[in-house]
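The values are calculated or read from the model by the stated rules, or taken from the named source; none is laboratory data. Computed from a prediction, not measured in an experiment: that's the story for all the values here. Counting neighbours? That spans all protein chains shown, and the Cβs are built from the backbone with ideal geometry, glycine included.
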Amino acid sequence: MSYEDYRIEKIDLGKEAIIEKLTNLLNKNDLSLDSSLEEIVGIFDSEKLIAAGGVKANTLRCIAVDKSYQGGRVLNLLMSELINIQYHRGIDDIFLFTKPDSRKSFEFLGFYFVEEIDRQVVLMENRPHGLKDYLNSFAKTKVDGEIISSIVMNGNPFTKGHQYLIEKAVKESDHLHIFVVSSDESSFPYRIRMKLIKEGTKHIQGVTVHEGGNYIISNATFPSYFIKEKSDITAIHTALDAKIFGKHIAPALGINRRYVGEEPYCTTTNAYNQALKNILPKYGIELREIPRKESQHGYISASKVRAAIIKGEIGEIKEIIPTSTYKFLISAEGEKLIKKIKASSNKRH
């Protein structure tokens with residue numbers, strides 16, 4: 001059967017009939033539908049959905065082929081379509097998460113192994129030297145010293161709590177590398193988070209701020225659609241993120257210590273911190289968990305800042321955010337973002 005016998009269509013998630021077909025196809029491949037997909041395409045043999053896949057940011061997701069069509073050219077056709085979608089979106093660096101038993105199929109289609117965890121998840125990319133190029137980019141910022149520390153930070157937005165953690169790490173280190181999570185899944189876009197972190201740390205000596213890039217795997221971008229036990233999601237995500245950091249990123253910069261803030265509220269973040277304590281020492285990296293800074297109203301957290309923004313209580317949080325963050329919030333650009341955050345919150349409620 002030739003390609004001409006198949007039909008490629010964009011899948012409309014608003015149509016129940018096609019969603020039922022898609023869900024069945026995914027389930028037969030031990031996958032579930034990732035509701036965050038930005039675009040989904042299907043391949044049809046007459047009216048039968050025989051393959052499907054989607055894209056989110058720079059990743060390919062939910063790739064499934066009907067078992068009776070596997071081993072042929074249908075996967076090739078699907079991948080070509082998904083890659084073309086990404087190229088048209090201006091995305092050249094493409095990543096995918098898959099199961100280890102699918103690794104060879106994707107290698108045949110031009111993807112390269114990055115890292116694997118416990119025979120459950122494999123991260124792959126379409127560039128043969130993507131990770132190597134990323135690590136080589138650190139050459140100019142590598143600093144020698146006995147204690148070279150690191151913090152991986154979202155900063156959504158940057159608070160005095162973040163500032164306190166950085167100042168604490170700097171006092172105890174010869175140099176500190178900060179990696180800002182690059183995924184745009186937060187209320188504050190990456191560009192703004194990076195700007196506020198740089199402005200909020202420019203008075204601190206011995207700090208280098210890096211883009212997190214594609215190899216700091218955030219919880220928001222880690223796909224859970226092929227992990228059956230939802231309780232395993234955080235553990236597998238942490239293991240992958242920590243392995244890439246410990247095995248590849250830390251050696252490139254001579255990092256031997258990582259700092260995290262204590263997490264009294266979020267059970268997911270707390271579990272992440274505890275997992276890091278177990279994993280990072282295997283790569284010669286000490287983890288230090290620092291008690292959260294408090295204000296007169298309790299622990300300082302970015303979530304409190306976001307809650308106050310939604311309520312229109314900017315003045316109430318002035319004491320727990322740096323001057324640079326406050327100035328941004330009351331600027332024209334900040335006011336525009338606040339309106340967007342409030343509108344998004346109203347939609348959810």
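Annotation for region 14-25: at least one member residue is closer than 19 Å to Leu96 by Cβ and either acidic (Asp, Glu) or not in a loop (DSSP other than H, G, I, E, B) (or both). Kindly indicate the residue of region 75-104 that is surrounded by fewer than 19 Cβ atoms within 10 Å (Cβ to Cβ), closer than 23 Å to Ser224 by Cα and touching a Phe, Trp or Tyr at 6+ places or on another chain (Cβ under 9 Å) and also modelled with the highest pLDDT among those meeting that condition. The qualifying residue modelled with the highest pLDDT is Arg103. For Asp118, the conditions (1) closer than 22 Å to Thr238 by Cα; (2) without any contact (Cβ under 8 Å) to a residue 24 or more places away in the chain all hold with the exception of (2).
Considering region 27-47, and only residues there that are closer than 22 Å to Ser224 by Cα and hydroxyl-bearing (Ser, Thr, Tyr), the residue that is surrounded by the fewest Cβ atoms within 10 Å (Cβ to Cβ) turns out to be Ser35.
With respect to the conditions (1) free of Cβ contacts under 8 Å to residues at least 40 places away in the same chain; (2) in contact with a helix residue (DSSP H, G or I) (Cβ under 6 Å, 6 or more places away or on another chain), Ile290 lacks only one, and its number is (1). Exactly one residue out of Gly72, Gly54, Gly90, Gly42 is free of Cβ contacts under 8 Å to residues at least 60 places away in the same chain and in contact with a Cys (Cβ under 8 Å, 6 or more places away or on another chain), and it is Gly54. Among the conditions (1) part of a strand (DSSP E or B); (2) under 15 Å from the mean Cα position of the chain (by Cα), Glu185 misses just one, which is (1). Between Lys104, Lys99, Lys56, Lys67, the distinction of being in contact with a Pro (Cβ under 9 Å, 6 or more places away or on another chain) and among the charged types (D, E, K, R) belongs to Lys56 only. Taken over region 56-81, the criterion of being closer than 21 Å to Asn24 by Cβ and β-branched (Val, Ile, Thr) is satisfied by Ile63, Val65, Val74. All conditions but one from (1) farther than 27 Å from Asp92 by Cα; (2) among the hydrophobic types (A, V, I, L, M, F, W, C); (3) modelled with pLDDT under 95 apply to Leu123; the one that does not is (1). Among residues that are of a type in the set (Val, Ile, Thr), at pLDDT 95 or above and in contact with a Phe, Trp or Tyr (Cβ under 9 Å, 6 or more places away or on another chain), Ile192 is included. Beta carbons closer than 9 Å, at least 6 apart along the sequence or on distinct chains, pair a first residue in region 306-321 that is at positive phi with a second that is surrounded by 12 or more Cβ atoms within 10 Å (Cβ to Cβ) for Gly312/Ile338; Gly312/Lys342. Filter region 111-150 down to residues that are surrounded by fewer than 19 Cβ atoms within 10 Å (Cβ to Cβ), part of a loop (DSSP other than H, G, I, E, B) and of a type in the set (A, V, I, L, M, F, W, C) and give me whichever is nearest to the chain's Cα centre (by Cα). Out of the qualifying residues, it is Phe138. Looking across region 287-309, the residues that are among the aliphatic types (A, V, I, L, M) and closer than 13 Å to Pro157 by Cβ come down to Ile300, Ala302, Val305, Ala307, Ala308, Ile309.
On the basis of being under 25 Å from Ser218 (Cβ atoms) and in contact (Cβ under 8 Å) with a residue 40 or more places away in the chain, does Leu37 make the cut? Judged against the criteria, Leu37 is not a match.
Yes/no matrix, rows are residues, columns are (1) under 26 Å from the mean Cα position of the chain (by Cα); (2) surrounded by 19 or more Cβ atoms within 10 Å (Cβ to Cβ); (3) among the acidic types (Asp, Glu):
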| position | (1), (2), (3) |
| --- | --- |
| Arg7 | no, no, no |
| Ile19 | no, no, no |
| Leu25 | no, yes, no |
| Leu49 | no, yes, no |
| Gly54 | yes, yes, no |
| Asp66 | no, no, yes |
| Arg73 | no, no, no |
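Exactly one residue among Ile166, Ile192 is β-branched (Val, Ile, Thr) and within 19 Å of the chain's Cα centre (by Cα), and that residue is Ile192.
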